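J.: Right, I'll just put the structure down here and ask away after.
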Amino acid sequence: MARIDLDHIRHSYLPNPASPGDYALKEVNLTFEDGGAYALLGSSGCGKTTLLNIISGLLTPSEGELLFDGKSVTELSTEARNIAQVFQFPVVYDTMSVYDNLAFPLRNRGVPAAEVDQKVHEILRIIDLESKAKRKAQGLTADEKQKISLGRGLVRSDTNAILFDEPLTVIDPHMKWVLRSQLKHLHKQFGFTMVYVTHDQTEALTFADKVVVMYGGEVVQIGTPDELFRKPQHTFVGYFIGSPGMNVLPCEVDGSMARIGEHSVPLVCGLNPKKVARKTEVGIRPEFVKLGAAGEGLPLKVNAVEDIGRCRILRGEMEGVALNAIVGEGLSIPENPTALFDPAQTNLYADSWLVSEGA
Amino acid sequence: MEKTVNNKAWFMVLPVLVLVAFTAVIPLMTVVNYAFQDSFGNNQFFWAGIEWFQELLSSERFHDALGRNLIFSFTILAIEIPLGIGIALCMPKKGWGVPVCLVLMALPLLVPWNVVGTIWQVFGRVDIGLLGYFLNSLGINYNYTQDPVAAWATVIVMDVWHWTSLVVLLCYAGLVSIPEAYYQAARIDGASRWAVFRYIQLPKMHSVLLIGVLLRFMDSFMIYTEPFVVTGGGPGNSTTFLSIDLVKMAIGQFDLGPAAAMSLVYFLIILLFSWVFYTIMNNVGTEKKHYAGEE
């Protein structure tokens with residue numbers, strides 16, 4: 001088990017990267033604390049898997065250093081890093097039995113047979129495949145195979161961290177939930193550092209203590225699920241997390257007011273006059289948009305209302321920009337509704353990044 | 001549901017039936033017919049019963065040719081299969097090298113069989129052949145027209161040159177279908193190069209290898225053209241395989257009865273071996289199905 005530091009890591013798949021656009025991973029500085037459960041969240045192609053492969057040593061970063069417990073492992077081979085990785089598609093050695101699959105990493109490292117046997121039985125019990133130990137891995141179900149992939153990581157006592165690369169993609173929805181809670185449980189039991197790559201926000205938010213959101217090869221925010229929800233550092237985070245995502249409306253800032261077209265909303269923070277922003281936006285989560293009667297707030301054109309059981313989602317637009325609101329149970333939607341923004345929950349973004357200075 | 005009976009449908013199948021009858025069934029029956037009779041010129045036939053078969057099965061000439069065939073087939077399998085796997089493993093998986101290698105590999109397969117024979121016949125000649133001249137100038141006494149060992153070596157090397165590509169291409173197809181994650185997982189598990197081959201690459205090549213073995217066995221067991229062109233079955237009878245012997249008997253000596261009996265036995269031997277291979281392949285398949293059924 002180890003603390004993992006990524007120090008100025010950059011990676012490009014091109015031999016001679018010139019512009020920032022050539023980098024799949026633009027300068028990442030990140031620390032995974034020992035024993036933490038992290039999720040790397042982002043849309044496809046944002047560099048999540050690249051980052052993961054750099055940690056496991058399947059890729060060597062173009063620039064920067066990787067440290068395990070303060071010691072540089074950038075040049076170490078995958079085998080020497082003692083990392084376990086679970087891939088998107090289950091990898092099992094078809095011709096081996098379930099037992100041999102689990103024993104494989106230990107035997108490769110020359111662990112004595114008695115110890116192998118004891119460890120493998122322990123893992124078989126944990127992943128609940130004791131009854132199938134002697135069967136060939138070929139022909140098991142996808143979730144059983146994925147459990148074996150996971151088991152091969154757990155079986156080693158020297159594992160520094162377990163990396164998951166969208167491990168539940170091919171698993172049935174019901175089994176996803178079961179496996180995820182098993183992972184959570186294993187994390188508590190063993191205390192491994194776990195890094196979980198996913199593009200599914202539910203998976204990320206339920207699994208991890210801390211979520212690392214990536215966008216376009218950069219880390220845009222690291223935080224607890226609550227922080228990501230309340231104070232998205234980047235409009236992408238706001239848009240990506242939450243269902244529906246945060247409303248982002250182009251605006252002009254005038255002191256402590258944001259002007260959206262002909263209307264104004266109050267802000268609790270303002271622009272630093274020394275910084276020039278090309279683009280300013282107001283972000284507010286649909287949860288914090290209240291509906292008012294005509295004349296009370298910003299005029300809202302209602303396009304659709306979706307009833308999702310516990311609440312309703314109002315899909316509307318304002319000045320041609322989409323604006324969603326969540327209407328709680330028991331609340332009615334006025335005839336010609338207007339939108340009221342809660343100033344405490346209204347965030348200001350300059351060039352897509354959150355402005356935190358006071359007004 | 002009521003099954004529709006439409007006898008007109010048979011007309012659709014008729015051309016195929018006629019074709020198969022003329023190309024396979026009728027010639028085969030003719031051979032069966034000859035095998036039980038003795039023939040003299042002028043279309044005179046006499047019933048011979050199983051005499052030809054008895055004679056054939058106790059004939060030393062047949063035993064020797066059969067023995068040579070088996071030795072030849074198993075020798076080339078023992079060389080071509082490991083060599084083919086080895087070359088396939090060395091071939092690049094991406095980049096400009098892939099089409100280059102594939103074309104190079106496919107070249108020998110595109111050469112007509114008698115041309116392959118001619119190439120090697122000339123190549124191995126002591127007077128004008130590069131190989132023959134070179135070996136002799138090194139002091140190795142190589143002459144495939146006089147020395148049975150040299151003749152065998154030439155025929156085997158020629159077959160390896162001609163057909164290893166097939167095994168390579170089959171194995172390569174198996175190898176490129178392995179997802180990258182398998183190799184990555186093996187690195188993480190600390191697997192050695194040998195373990196990667198034994199537990200990842202070989203299992204993935206398993207089914208194509210069985211097809212390769214089957215094809216190479218059948219083809220090599222029926223080999224005729226190349227050794228006929230190079231050695232003509234000699235020196236002596238040392239490279240006379242069943243097919244060459246059969247042609248000698250049927251066309252050279254015009255012994256239609258014994259030749260027909262030999263054809264049938266030859267055919268049955270190939271059928272038997274193919275059946276054995278087919279059964280092995282099928283067993284592997286049902287094992288898979290068995291597990292899949294439990295899912």
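The values are calculated or read from the model by the stated rules, or taken from the named source; none is laboratory data. None of these values were measured; they are calculated from a predicted model. Methodologically, a virtual Cβ is constructed for each residue, glycine included, from the backbone with ideal geometry; neighbour enumeration extends over all protein chains shown.
J.: Would you call A:Leu140 within 14 Å of chain B (Cβ to nearest Cβ), under 21 Å from the mean Cα position of the chain (by Cα) and within 22 Å of A:Tyr93 (Cα to Cα)?
T.: When the stated conditions are applied, A:Leu140 does not pass them.
J.: Between A:Ala133, A:Ala113, which is within 23 Å of B:Arg198 (Cβ to Cβ), modelled with pLDDT under 85, more than 8 Å from chain B (Cβ to nearest Cβ) and in contact with a helix residue (DSSP H, G or I) (Cβ under 9 Å, 6 or more places away or on another chain)?
T.: On inspection, the qualifying residue turns out to be A:Ala133.
J.: Another question about this same structure. If I filter the range A:81-102 for residues that are of a type in the set (A, V, I, L, M, F, W, C), farther than 22 Å from B:Glu180 by Cα and either surrounded by fewer than 22 Cβ atoms within 10 Å (Cβ to Cβ) or within 12 Å of another protein chain (Cβ to nearest Cβ) (or both), do I get at least one hit? Can you show your working first?
T.: Applying the first criterion (of a type in the set (A, V, I, L, M, F, W, C)) to the range A:81-102 yields A:83-84, A:86-87, A:89, A:91-92, A:96, A:98, A:102.
Then drop every residue that is not farther than 22 Å from B:Glu180 by Cα, which leaves none.
The answer is no, given that none of the residues of the range A:81-102 is of a type in the set (A, V, I, L, M, F, W, C), farther than 22 Å from B:Glu180 by Cα and either surrounded by fewer than 22 Cβ atoms within 10 Å (Cβ to Cβ) or within 12 Å of another protein chain (Cβ to nearest Cβ) (or both).
J.: Hey, A:Ser157 hits all of (1) modelled with pLDDT of 80 or more; (2) over 21 Å from the mean Cα position of the chain (by Cα); (3) among the hydroxyl-bearing types (Ser, Thr, Tyr) but one; which does it fall short on?
T.: So the condition that A:Ser157 fails would be (1).
J.: How many residues, within the range A:20-56, are within 29 Å of A:Asp158 (Cβ to Cβ) and touching a strand residue (DSSP E or B) at 6+ places or on another chain (Cβ under 7 Å)?
T.: The first filter runs over the range A:20-56 and keeps only residues within 29 Å of A:Asp158 (Cβ to Cβ), leaving A:25, A:28-41, A:47-56.
Remaining after also requiring touching a strand residue (DSSP E or B) at 6+ places or on another chain (Cβ under 7 Å): A:25, A:28-32, A:34-41, A:47-52, A:54-56.
Residues flagged as within 29 Å of A:Asp158 (Cβ to Cβ) and touching a strand residue (DSSP E or B) at 6+ places or on another chain (Cβ under 7 Å) within the range A:20-56 amount to 23.
J.: Could I ask something else about it? Hey, among the residues in the range A:279-299 that are within 20 Å of A:Tyr239 (Cα to Cα) and assigned to a loop (DSSP other than H, G, I, E, B), which one's modelled with the lowest pLDDT? Lay out the reasoning, then the answer.
T.: Residues of the range A:279-299 that are within 20 Å of A:Tyr239 (Cα to Cα), as a first pass: A:279-290.
Now drop any that are not assigned to a loop (DSSP other than H, G, I, E, B), which leaves A:279, A:285.
Numbers: A:Lys279: 82, A:Arg285: 88.
Checked the range A:279-299; the qualifying residue modelled with the lowest pLDDT is A:Lys279.
J.: Follow-up question, since we're still on this one. Given the conditions (1) surrounded by fewer than 16 Cβ atoms within 10 Å (Cβ to Cβ); (2) not in a loop (DSSP other than H, G, I, E, B), report the number of the one that A:Lys147 does not fulfil.
T.: The single condition A:Lys147 does not satisfy is (1).
J.: With the checklist (1) of a type in the set (Gly, Ala, Ser); (2) under 20 Å from the mean Cα position of the chain (by Cα); (3) within 14 Å of another protein chain (Cβ to nearest Cβ) in hand, flag the one item A:Gly36 doesn't pass.
T.: (3)
J.: Taking the range B:28-86 on its own, how many of its residues are farther than 30 Å from B:Gly174 by Cα and not acidic (Asp, Glu)?
T.: 36
J.: Can I ask one more? Does B:Leu130 satisfy the criteria of being of a type outside the set (Val, Ile, Thr), within 14 Å of chain A (Cβ to nearest Cβ) and surrounded by fewer than 19 Cβ atoms within 10 Å (Cβ to Cβ)?
T.: Details: of a type outside the set (Val, Ile, Thr): yes; within 14 Å of chain A (Cβ to nearest Cβ): no; surrounded by fewer than 19 Cβ atoms within 10 Å (Cβ to Cβ): yes.
The answer is no for B:Leu130.
J.: On the basis of being closer than 18 Å to A:His263 by Cα and surrounded by 12 or more Cβ atoms within 10 Å (Cβ to Cβ), does A:Gly316 make the cut? Please lay out each step first, then the result.
T.: Numbers: closer than 18 Å to A:His263 by Cα: yes; surrounded by 12 or more Cβ atoms within 10 Å (Cβ to Cβ): yes.
So A:Gly316 passes the test.
J.: Can A:Phe240 be described as buried (at least 16 other Cβ atoms within 10 Å of the Cβ) and closer than 22 Å to A:Thr50 by Cβ?
T.: In short, yes.
J.: How many of the residues making up the range B:222-264 are surrounded by 19 or more Cβ atoms within 10 Å (Cβ to Cβ), among the small types (Gly, Ala, Ser) and over 18 Å from B:Asp38 (Cβ atoms)?
T.: Of the residues in that region, 2 qualify.
J.: Can you pull out every residue in the range A:163-189 that is of a type outside the set (S, T, N, Q), assigned to a loop (DSSP other than H, G, I, E, B) and in contact (Cβ under 8 Å) with a residue 60 or more places away in the chain?
T.: Of everything in the range A:163-189, those that are of a type outside the set (S, T, N, Q), assigned to a loop (DSSP other than H, G, I, E, B) and in contact (Cβ under 8 Å) with a residue 60 or more places away in the chain turn out to be A:Glu166, A:Pro167, A:Val170.
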